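Input: a single structure, listed below in structure tokens.
The values are calculated or read from the model by the stated rules, or taken from the named source; none is laboratory data. In this text the structure is predicted, and so the values were computed from the model without any measurement. Using ideal geometry, Cβ is built from the backbone for each residue, glycine included, and neighbour counts are taken over all protein chains shown. Ligands, DNA and RNA are excluded from the accessible area calculation, which covers all protein heavy atoms including side chains. Shrake-Rupley method; radii C 1.70, N 1.55, O 1.52, S 1.80 Å.
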Amino acid sequence: MTQEIEIEFKNLLMEEEYNKVYQYLPFKSVELIEQTNYYFETEDLLLKQRGAALRIRKKNDQWTLTLKQPHEEGLLETHDSLTDQEANLWIQNQFVEKPGTSRQLNELGIAISDLNYLGSLTTRRKELEYNGSLVVLDHSLYYDQEDYELEVEAPSKQEGLTVIQEILEACNIPERETDNKIKRFYKAKQQSE
């Protein structure tokens with residue numbers, strides 16, 4: 001189990017804007033990473049009501065269970081590793097208790113047995129270090145949707161804001177109010193029902 005505070009800034013992009021950022025920074029030289037997020041929620045949306053989100057991410061053949069919760073500096077992320085078998089059980093709504101996420105869910109008043117698997121979102125990702133921050137270009141696919149996103153993870157709010165604003169200005173891209181992936185996933189899920 002590990003915990004970290006995530007400070008990130010996001011901006012949705014049009015496909016041509018994604019290509020501009022791709023050209024502006026040396027993304028050609030970095031490997032494409034494909035990852036899939038598997039999302040969970042209770043029937044009465046308790047996680048959402050508490051500003052939290054729960055997912056399993058498969059990246060580089062590794063499975064990680066992550067609970068994201070609001071924190072004054074950004075998001076508190078609690079991670080637990082899963083085996084292939086444990087991840088597959090979770091996706092079949094057969095939940096295996098994990099120490100960090102189970103403790104945090106209990107603190108939120110959410111029983112692991114109340115969770116349900118909702119679906120998945122796959123992202124093709126490029127990431128690189130730039131001016132002390134991690135800059136990420138994402139192309140995500142879920143339901144019948146696809147979107148493009150610029151994300152900056154930074155050690156402080158000021159550094160992250162400076163980096164994302166610099167990239168947006170250099171590429172002549174407007175700032176957009178951007179929901180996180182799980183919110184975009186929920187909207188697409190509701191539209192598909």
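Work out the P(r) tail for the range 72-145: percent of alpha carbon pairs separated by more than 18 Å, whole number.
Summing the P(r) tail past 18 Å for the range 72-145 gives 62 percent.
For residue 35, what is the net charge nearby, where nearby means another residue's Cβ is under 9 Å from its Cβ and Lys, Arg count +1, Asp, Glu -1?
For residues surrounding residue 35, the net value is +4.
Given H placed on each backbone N at 1.01 Å, which residues far from residue 176 in sequence or on other chains put an amide H within less than 5 Å of it?
Here 12 satisfy the definition.
Could you work out what % of the accessible surface of the range 1-131 is carbon and sulfur, using a 1.4 angstrom probe and leaving DNA, RNA and ligands out of the count?
Its accessible area is 45 percent carbon and sulfur atoms.
Using the Kirkwood radius over Cα pairs, work out the Stokes-Einstein diffusion coefficient for the range 112-193 at 20 °C and 1.002 mPa s, in µm²/s as a whole number.
Diffusion coefficient, whole number: 147 µm²/s.
When we measure straight from the Cα of residue 183, which lysines land under 26 angstrom away, once same-chain ones fewer than 8 places off are left out?
10, 20, 48, 58, 59, 68, 98, 126, 157
Please compute the modelled spin-label separation between residue 19 and residue 118, points set 7 Å along Cα→Cβ, answer in nm with one decimal.
Between residue 118 and residue 19, the label points sit 3.3 nm apart.
Helix 157-170 against the longest principal axis of the chain: what's the angle in degrees, Cα atoms only, rounded to the nearest 10?
With rounding to tens, the tilt is 50 degrees.
Compute the helix-to-body angle for 181-192: its Cα long axis versus the longest principal axis of the chain, expressed 0 to 90° and rounded to tens.
70
Give me the angle, in degrees from 0 to 90, between the Cα long axis of helix 15-24 and the longest principal axis of the Cα atoms of the chain, rounded to the nearest 10.
60
Give me the number: length gained by fully extending residue 129 to residue 3, i.e. 0.36 nm times residue separation minus the C-alpha to C-alpha distance, one decimal in nm.
43.2 nm
Taking only protein heavy atoms and a 1.4 Å probe, what accessible area per residue, in Å², does the chain have with all protein chains in place?
With all protein chains present, the chain gives 52 Å² per residue.
Taking the dipole about the Cα centre of the chain, with the C-beta of Lys and Arg at +1 and of Asp and Glu at -1, give me whichever of 22, 133, 104 is farthest to the positive side.
104
Where the only charges are on Cβ atoms (+1 Lys, Arg; -1 Asp, Glu), what is the dipole of the range 75-193 about its Cα centre, to the nearest 20 debye?
Details: 12 positive and 23 negative charges, 48 e Å.
So the dipole magnitude of the range 75-193 works out to roughly 240 debye.
Report the net charge of residues surrounding residue 125, where surrounding means a beta-carbon distance below 10 angstrom and charges are Lys +1, Arg +1, Asp -1, Glu -1.
Result for the neighbourhood of residue 125: -3.
Taking only DSSP H segments of four or more residues, each worth -39500 (n - 2.57), what value at 222 nm results for the chain once the sum is divided by all its residues, to the nearest 500 deg cm²/dmol? Write out the running numbers ahead of the final one.
On the way: 6 runs with 57 residues, N = 193.
After summing the helix terms and dividing by residue count, I get -8500 deg cm²/dmol.
Which whole-angstrom value gives the distance between the alpha carbon centres of the range 102-141 and the range 1-39?
Centre-to-centre distance over Cα atoms comes out at 13 Å.
Kirkwood-based Rg over Rh for the range 52-186 (C-alpha set), two decimals?
0.99
Please state the charge dipole magnitude for the range 39-123, taken about the Cα centre, from unit charges on C-beta atoms (+1 on K and R, -1 on D and E), reported in debye and rounded to the nearest 20.
200
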